[in-house]
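Structure record follows, encoded as C-alpha cells.
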Amino acid sequence: MHSGGVKRAHPRTGAVFDSPVPPGSGWPGDPATPNTAVAADGAQVQSLAEAVDSLVELDALVSVCRACPRLVQWREEVATVKRRSYADEPYWGRPIPGWGAAQPRILVVGLAPAAHGGNRTGRVFTGDRSGDFLFAALHRVGLTNQAVCVDAADGLELYDTRLAAAVRCAPPGNAPNPAERATCAPWLDAEWRLTSRHVRAVVALGGFAWRAALQMIRDGGGSVPKPAPKFGHAATAELAGPHGPVTLIGCYHPSQQNTFTGKLTPAMLDDVFTTAANV
Ligand code: SF4
C-alpha cells in the first residue's frame, strides 16, 4: 500500500501530519523546529555534535539529520509506503533522538530504530514487540512508570534511565553499514559527553551496541582495557569513564528472534536491569 502525500491523524492526539513529520509541526515530543540546523554530511554531524551543549539541543539536531543518503531514503520511503496495519497512521520518518532522564544513572544503548517501530512513533524502542519486551522489564525493575509503550504521547516516563541508539535512523534489514555507523557515532559521543557525569551503568543491547559503547567511552576520554572486553549476555566490564568508574553490562538484544526462541527471557532481562540499577 502506498499512502504517500496523504495526511493522517496521530493515533492518540488526533492531530494531522504529513509523513515524514515536518520538524516543529506538533508531533508529541518533537524536539526540533523548522529552524533547527540540518547536518547534511558526516563532517557536519561531527561539528554540530562537538559544539552542542545541552541534551535538548542535541535531540533537536539529531531529529533532523540527513547525513546518510541511503538511510534518509529508506526511512522516508518506509514512512511513505507504511506497513498495511499502520496505513492510517502518520509515520515520523526521521532520526530517533535519545530519550529518558536528563541525568541518567543508566544509559541503555541499542543498535538502530525499527522501520515500523521508532521510525513510526518517533520514540526509540516504541511501537514494536522489542519495545514491549524491553519496557515491561524496565517497569518490573522500577525504572518506568508503566509497562506499556505505544506511541510518543502514551504517558510513559523513564526513571534514572536514558535510551539511545548507536545509529539513529532505521536501516534496511536492521543493518547499517560501517560508513553509516561511523557517520552517526558523534551523536552518541555527544550524548555520552552530556550525560556521563551521572551514568554509573551502560547496558548494551547486543554485540554491536557493546562495541559502540566501548568506542563511545574511548572517544569520551575514558579508558578500555586491551584486548577489549567481549560481549556476552550478563557480561560486565568495569571501565574508567571521564568522571569515574562505569560498569558496562551486556544483554542480548530483545529482538523477536531472541525473545521468541527463548534465547532472551523476561527473567534474564530483569537480571540485567537489576544489576544496572544496583551499580
Ligand atoms: Fe544522521 Fe545518524 Fe541518521 Fe546518519 S544514521 S542520517 S548520521 S541520524
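The values are calculated or read from the model by the stated rules, or taken from the named source; none is laboratory data. Computed from a predicted model, the values in this text were never measured in an experiment. FYI the Cβ positions are ideal-geometry reconstructions off the backbone, even for glycines, and counts take in every protein chain you see.
Taking the conditions (1) touching a residue at least 12 places away in the same chain (Cβ under 8 Å); (2) within 28 Å of THR195 (Cβ to Cβ); (3) away from the ligand (no atom under 15 Å from the Cβ) in turn, PRO22 satisfies each one other than (2).
Residue check: is CYS184 in contact with a Lys or Arg (Cβ under 7 Å, 6 or more places away or on another chain) and surrounded by 20 or more Cβ atoms within 10 Å (Cβ to Cβ)? It is true that CYS184 is in contact with a Lys or Arg (Cβ under 7 Å, 6 or more places away or on another chain) and surrounded by 20 or more Cβ atoms within 10 Å (Cβ to Cβ). Looking only at segment 87-105, residues that are in contact with a strand residue (DSSP E or B) (Cβ under 6 Å, 6 or more places away or on another chain) and either part of a strand (DSSP E or B) or of a type in the set (S, T, N, Q) (or both) come to 2 in all. Condition check for ALA209 on (1) among the hydrophobic types (A, V, I, L, M, F, W, C); (2) within 23 Å of SER63 (Cβ to Cβ); (3) touching a residue at least 60 places away in the same chain (Cβ under 8 Å); (4) touching a helix residue (DSSP H, G or I) at 6+ places or on another chain (Cβ under 9 Å): one failure, at (4). Remark: pairs (first residue in segment 63-74, within 18 Å of ARG123 (Cα to Cα); second residue in a helix (DSSP H, G or I) and more than 9 Å from the ligand (Cβ to nearest atom); Cβ separation under 8 Å; 6+ apart in sequence or on different chains) = TRP74/PRO172.
If you go through segment 159-186 and keep only what is part of a helix (DSSP H, G or I) and within 11 Å of the ligand (Cβ to nearest atom), you end up with ALA179, GLU180, ARG181, ALA182, THR183, CYS184, ALA185, PRO186. Test VAL108 against the stated conditions and say whether it is closer than 27 Å to MET216 by Cα, outside any helix (DSSP H, G or I), at pLDDT 95 or above and touching a Lys or Arg at 6+ places or on another chain (Cβ under 8 Å). The answer is yes for VAL108. Among the residues of segment 111-136, those identified as buried (at least 24 other Cβ atoms within 10 Å of the Cβ) and either assigned to a strand (DSSP E or B) or in contact with an Asp or Glu (Cβ under 6 Å, 6 or more places away or on another chain) (or both) are ALA114, THR121.
Scoring LEU156 on the criteria (1) under 22 Å from VAL52 (Cα atoms); (2) not in a helix (DSSP H, G or I) leaves a single failure, condition (1). Candidates ASP151, ASP189, ASP160: the one that is in contact (Cβ under 8 Å) with a residue 60 or more places away in the chain, within 16 Å of ASN119 (Cα to Cα) and of a type in the set (Asp, Glu) is ASP151. Pairing each residue of segment 259-271 that is closer than 11 Å to ALA234 by Cβ with any residue that is among the small types (Gly, Ala, Ser), provided the two are 6+ apart or on different chains, yields C-beta distances under 6 Å for LEU269/ALA137. Between PRO229, PRO254, the distinction of being more than 16 Å from the ligand (Cβ to nearest atom), in contact (Cβ under 8 Å) with a residue 12 or more places away in the chain, surrounded by 23 or more Cβ atoms within 10 Å (Cβ to Cβ) and farther than 22 Å from ALA49 by Cβ belongs to PRO254 only.
Residues in segment 39-86 that are surrounded by 14 or more Cβ atoms within 10 Å (Cβ to Cβ), hydrophobic (A, V, I, L, M, F, W, C) and in a loop (DSSP other than H, G, I, E, B): ALA39, VAL52, VAL64, CYS65, ALA67, CYS68.
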